[in-house]
Structure formats: C-alpha cells, structure tokens
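Values quoted throughout were computed directly from the atomic coordinates according to the rules given, and no laboratory measurement underlies them. Bear in mind that the values here come from a model prediction, so they are computed numbers and not experimental data. No Cβ is skipped: glycine too gets one built from the backbone with ideal geometry, and neighbour counts run over all protein chains shown.
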Amino acid sequence: MSEKIVLTGIKPTGTPHLGNYIGALKPLVDMSQKSRTFMFIADLHALNTIHDPKVIQQYSYEMAAALVAMGLNLDNAILFRQSDIVEVYELATLLTNVTPKGLMNRAHSYKAAVEKNTAAGDDVDAGVNMGLYIYPILMAADILLYNSDIVPVGADQKQHVEFARDIAGYFNNIYGETFKLPEPVISESAGTIPGLDGRKMSKSYDNTIPLFAPESELKKKIMRIITDSKTPEESKDPDESTIFQLYKHFADENEIAKLREMFVAGGMGYGTAKTILYEKINSVLGDARNEYNRLLANKSELDAILENGANKARVVAAETLKRVKRKMLGE
Ligand code: TRP
C-alpha cells in the first residue's frame, strides 16, 4: 500500500451519469482497491448553487450509493459526508486570514461570473454569493485538513488544488512548516467524455446519460445519441463517434477492436452500433444498478457507512485543527 495520502471530493449536484462514472467514480473505485483514500461527498460545496436540503441530501445519497454499489473497497476508502466533519468549517474560516483576496479574484468560476456580468452590463458581482467567492478556501480546508499528498480531480478542478497548495504555502511562510503541499493528479479522460449531443457530457448541457437508469430509459437515451447522416453502407470514423467513444470505456480490448473494424468496414448502421453499446453498458452495469437501487431503498445502510467513514476522518481532522490553532492562537 502506498504511503501517500490520497483525497478527493465529489460534489452532489446531480444524479450520477456516465460522464461521472468514467471520469471520477470508476477511477476512484479502482484506486480504492490499492490505496487508502479519503473520499467525501462535498455537500457543503453544493450549497452555493442548491438551496433545497432535500435535493442535496438525495444527490448525496445517490453519489455514495453509486460508489458503494460499484464495489468501493471500504477497508481502504474512508467514505464520508463533508458536512459531518465540523472541523472543516473552522479550518476554512481560519485560512481566510492568510488567503489574499486577489487569489480569489483569479479563480476561474468567479472570473467567469464577473465576465458574464460585465458582458451583460450588470454589476460585476451580480448573483455571486460568498459561498462561490470563497469556494477555493473551503476546498483548501478539505485538502489540508486530511494532510493530503495527492488530489485526483478533473481538469476543471486543477486550479483549486493549486490554490490549496498556495494557501498552504502562505500559511507555512507565516507560521512555520505546518501543511504538506498537495499535488493535483488530473484524470485525462474526464474532460473528453461526450454526451448525447457530442459535447462534453454535463448536467449543464442537459446531454447526460444517467448511470443507473432503468433499462428502458438507458436504451431510449442511447438511441437518442446524435450521429452524422452516413448510411449503413458507408465507412464511419469511430474516433468521431460518440457511440464508439462511450463503448471504449465498457468493452475489453478485443471487443473494442471488433467494433472499430465494423465502423471502418461499413455495412453497419448507427442503430446497430447503438444497440451494441446499450447491451454492453447494460451488462457491465446491471449488477451495480441492482445494488444501487437496493442501497437507496435502505438509506440506513448508507448512513452507517458514511458515519463509519466520518468517525475515521474526524480523528485526523481534529488533530490537524488542533495543530493549526496552536500555531495561530498560541498554546
Ligand atoms: N470542487 C470539487 C468539484 O466540484 C469537489 C471537491 C470539493 C473536491 N472539495 C474537494 C475535490 C477537495 C478534491 C478535493 O468537483
């Protein structure tokens, strides 16, 4: 087992879809077979956009259930709910005092909001709450609280991990060596998983395929994948096809080579390719889907898993916070 501390958070802002599966959930489940990992449902980070507690709670359960149903190794993975560890709020508040305001101004998501407002002729900060503005500080608190070395994230989160590193550096400069400097590890495939319309699969584009939808809905969605207008006879480019791009993540090497050949050879319509994709996904995910549904019908089982994780996470969090408060406030 590696000695590095690995940590990542998953924001519960939607029902898990194939993009989440390929880009985040599957890699995390695989990683949990080998290394000890802190893995939490980042419900506090969802608060700046979702103001309905029932919605946050449901998405949180769904993300946790998906990981467990997929076979997360719970001996290695410490799975917990971010909001169950009160120490994280405290550390985030303390970190505000060493974090330059200008650093927050440079955060991609805040900058995007400012640019949008400016283009629309609105006040620069229109619609921006402080949760959005200090989002990177809360994320730094997550990362530093558990002494993380390695933080696997999608490319869109790289800057946040770099900010955590910066904030750790500011703190260490003032108070002496306290925090390790975390490293982001970017999952290459995450950004490139196409959705129904060929753009990146994302809830905000409304082009997702739900991970554990009932068979009929899964099939319906897959049949709706947009293709070009090539006839069945024509040769098709697998690398330009959403169908093939998704298939690659579920099939083995021989199957992938075979479907590639069928695309290139011509003689196969997109409808047939979609059926092949549907059957593959359905067979790979079928067992996990049953387990996912069973867990969501037995939330007390999920509560017990999350509570067990929180109890382990809290020990580390409390120790770090104590150390930080001693440095900042004295013995
Ligand atoms: N902000 C991340 C996202 O939107 C989720 C997250 C919260 C996270 N805290 C984290 C990821 C700490 C890695 C480490 O995907």
Stokes-Einstein D for segment 212-292 (20 °C, 1.002 mPa s, Kirkwood Rh from Cα pairs), in µm²/s, comes to 164 µm²/s
At q = 0.10, 0.12, 0.21 Å⁻¹, base-10 log of I(q)/I(0) for segment 62-201 (Debye sum, equal scatterers on each alpha carbon): -0.44, -0.62, -1.34
Evaluate Rg over Rh across the chain, taking Cα atoms for both radii and Kirkwood's formula for Rh. 1.01
Have a look at 264, 247, 225 and report the one farthest towards the positive end of the charge dipole of segment 212-292, computed about the Cα centre with Cβ charges (Lys/Arg +1, Asp/Glu -1). 225
Once you charge only the Cβ atoms, +1 for Lys and Arg and -1 for Asp and Glu, what is the size of the charge dipole of the chain about its Cα centre, to the nearest 20 debye? 380 debye
Label-point separation, residue 206 to residue 54 (7 Å along Cα→Cβ), nm: 2.2 nm
Hey, what do the phi angles of segment 301-316 turn into as Karplus ³J(HN,Hα) couplings, whole Hz, using 6.51/-1.76/1.60 and θ = phi - 60°, x for Gly and Pro? 5, 5, 4, 5, 5, 5, 5, 4, x, 4, 4, 6, 5, 4, 4, 5
Just how large is the dipole of segment 212-292 about the Cα centre, in debye to the nearest 20, putting +1 at every Lys and Arg Cβ and -1 at every Asp and Glu Cβ? 300 debye
Cα extents of segment 255-331 per principal axis, largest first, Å, are 76, 32, 16
What nm distance separates the two modelled labels at residue 159 and residue 174, each placed 7 Å from Cα along Cα→Cβ? 2.3 nm
Only four residue types carry charge here, +1 at the Cβ of Lys and Arg and -1 at the Cβ of Asp and Glu. Report the dipole size of segment 1-115 about the Cα centre in Debye, rounded to the nearest 20. 320 debye
For segment 150-195 and segment 282-297, what is the centre-to-centre distance using only Cα atoms, to the nearest Å? 33 Å
Taking the mean number of other Cβ atoms within 10 Å as a proxy for protection, how do you rank 12-22, 83-93, 136-146, 260-270 from highest to lowest? 136-146, 12-22, 83-93, 260-270
Helix-derived [θ] at 222 nm for the chain: sum -39500 (n - 2.57) over DSSP H runs of at least 4, divide by residue count, nearest 500? -16500 deg cm²/dmol
Take a quick pass over segment 72-224 and tell me how many lysine pairs come in under 16 angstrom between Cα atoms, counting only ones 8 or more apart or on separate chains. 4
